[in-house]
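Heads up: the structure comes next, in structure tokens.
The values are calculated or read from the model by the stated rules, or taken from the named source; none is laboratory data. Here the structure is a predicted model, which is why all the values come from computation and not from measurement. Counting neighbours? That spans all protein chains shown, and the Cβs are built from the backbone with ideal geometry, glycine included.
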Amino acid sequence: MDSIVVRGNGPLSGQIPIAGAKNACLALMPATLLSDEPLTLTNAPRLSDIRTMTELLASLGAEVTALQEGKVLATSCHGEINPVADYEIVRKMRASNLVLGPLLARLGHAVVSLPGGCAIGARPMDIHVDALAALGAEIELKDGYLHAEAKGGLKGATHEMRFASVGATENFLMAASLAKGTSVLKNAAREPEIVDLAKCLRAMGAQIEGDGTSEIVIEGKDRLHGATHPVVADRIELGTYMLAPAICGGEVECLGGRIDLLESFCEKLDAAGISVEQTHTGLKVARKNGRIRAVDVTTEPFPGFPTDLQAQMMALLCTAEGTSVLEEKIFENRFMHAPELVRMGANIDVHGGHATVHGVEKLKGAPVMATDLRASVSLILAGLAAEGETVVSRVYHLDRGYERVEEKLAGVGAHIERVKAS
């Protein structure tokens, strides 16, 4: 397996372009199943997860062609559709479950394997099942597959989710777009990726109101048409690269970044002593004078602090002045990066869903192992600020969510390289 070698070398300077959002694109791609006309996505990220979704959609009968070096995805689903999403593909990625709603809406039936992805908690499918059942689907779990059927088609309904699940909101939105009548989703997720999906569905002819709030209203249509849609900037990649100058010092502008995508995160950076300035082209980030200050962080659904930035924030707080407490309220088992940071000299105590970080003067380079996608990049960030060399192994996780990370960090002065497996 490939590894990433990082050598701490002081302040960073320059610009980092932010790619389209992985989590948005993975929801937008299955929307092609809702229409027999082409859907074109621009500003697409070039990631292994996107290739996995391409493989899955192809297995269902859709066509996905990558143009302009992968930044444009031309999709179409005008032929015969296979209703079975096979385990061998679905197991690779959690977001594969997002084909369930569109398949049900278009065909009236679907067989979708239970999904895989990072080992960061149960992330149960029952919220998805309940949401689609409210629209009239009958869903049964057999031999690791969800067998779903909507006799007579899906019908509009009002449903309140017990948890504001992003994926279940996306499945409901897509399914309800072709359901008969009006649907209302209460306690809906409010993430920018939800708003982006709703914008795309509206461009395809869907009638949706309330996206970005906790109550979304969808008026079902008989059919949707083709469209062209730009993928929103990746707020998690944005937050990750904002932390690079925060950890190392210097000043970096993240091109395409917007404060409204990460307001809660930006507030924590300000409290820690990091300057964030909105420019005409992005966000300019710099560490203020002196050592980083300790801050407490609690992960919450949007607009709260993102769980997908918790590991990276922990890397920053390892060298803060004082003690920080991080509380993980979204996923259990998401502090697996903490023991690896301890190998680099961090002082971290983990008890259940809480991690207490006692700031140290300096981290030291060490061989460490990535346990999941966000953990892998947190170790790279820690290595940027550590004395000596840090070798991060098992970085196949990294390629699922970060486009050309070595190239982007090297472009602002980081000493980083990928070592290919022999």
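Taking the range 1-31 as the range and being in a loop (DSSP other than H, G, I, E, B) and either in contact with a Lys or Arg (Cβ under 7 Å, 6 or more places away or on another chain) or farther than 20 Å from E251 by Cα (or both) as the test, the residues that pass are M1, D2, A21. Of the strands (runs of 3 or more DSSP E) lying entirely inside the range 320-422, the ones with 3 or more residues being surrounded by fewer than 20 Cβ atoms within 10 Å (Cβ to Cβ) are found at 323-327, 347-351, 354-358, 389-393, 415-419. Could we say that T169 is polar (S, T, N, Q), in contact with a strand residue (DSSP E or B) (Cβ under 8 Å, 6 or more places away or on another chain) and more than 28 Å from P306 (Cα to Cα) here? It is false that T169 is polar (S, T, N, Q), in contact with a strand residue (DSSP E or B) (Cβ under 8 Å, 6 or more places away or on another chain) and more than 28 Å from P306 (Cα to Cα).
All of A95, A119, A131 fail the test of being of a type in the set (A, V, I, L, M, F, W, C) and either in contact with a strand residue (DSSP E or B) (Cβ under 7 Å, 6 or more places away or on another chain) or modelled with pLDDT of 95 or more (or both), apart from A131.
If you go through the range 181-207 and keep only what is under 21 Å from G108 (Cα atoms) and surrounded by 17 or more Cβ atoms within 10 Å (Cβ to Cβ), you end up with S183, V184, L185, L201, M204, G205, A206. Taken residue by residue, the range 223-246 has at least one member that is under 21 Å from L135 (Cα atoms) and in contact (Cβ under 8 Å) with a residue 40 or more places away in the chain. Each residue in the range 33-74 was checked for being without any contact (Cβ under 8 Å) to a residue 60 or more places away in the chain, part of a loop (DSSP other than H, G, I, E, B) and buried (at least 22 other Cβ atoms within 10 Å of the Cβ), and 1 pass. Scanning the range 75-118 for residues that are part of a loop (DSSP other than H, G, I, E, B) and either closer than 25 Å to M204 by Cα or aliphatic (A, V, I, L, M) (or both) yields C77, H78, G79, E80, I81, N82, P83, M93, G108, L114. With respect to the conditions (1) of a type outside the set (G, A, S); (2) closer than 18 Å to T240 by Cα; (3) crowded, with 21+ Cβ neighbours inside 10 Å, E300 falls short on a single one, namely (3). With respect to being within 23 Å of I194 (Cβ to Cβ), assigned by TED's automatic domain parsing to the domain that holds S376 and of a type in the set (S, T, N, Q), T319 falls outside the description. Could you grab me the full set of residues in the range 18-40 that are touching a Ser or Thr at 6+ places or on another chain (Cβ under 7 Å) and hydroxyl-bearing (S, T, Y)? Within the range 18-40, T32, T40 qualify.
Selection of the range 255-283 for residues being free of Cβ contacts under 8 Å to residues at least 60 places away in the same chain and part of a strand (DSSP E or B) yields I274, S275, V276, E277, Q278, L283. For A175, are the conditions met, namely being within 22 Å of the chain's Cα centre (by Cα), assigned by TED's automatic domain parsing to the domain that holds A157 and part of a helix (DSSP H, G or I)? Here the answer is yes, as A175 does meet what is asked.
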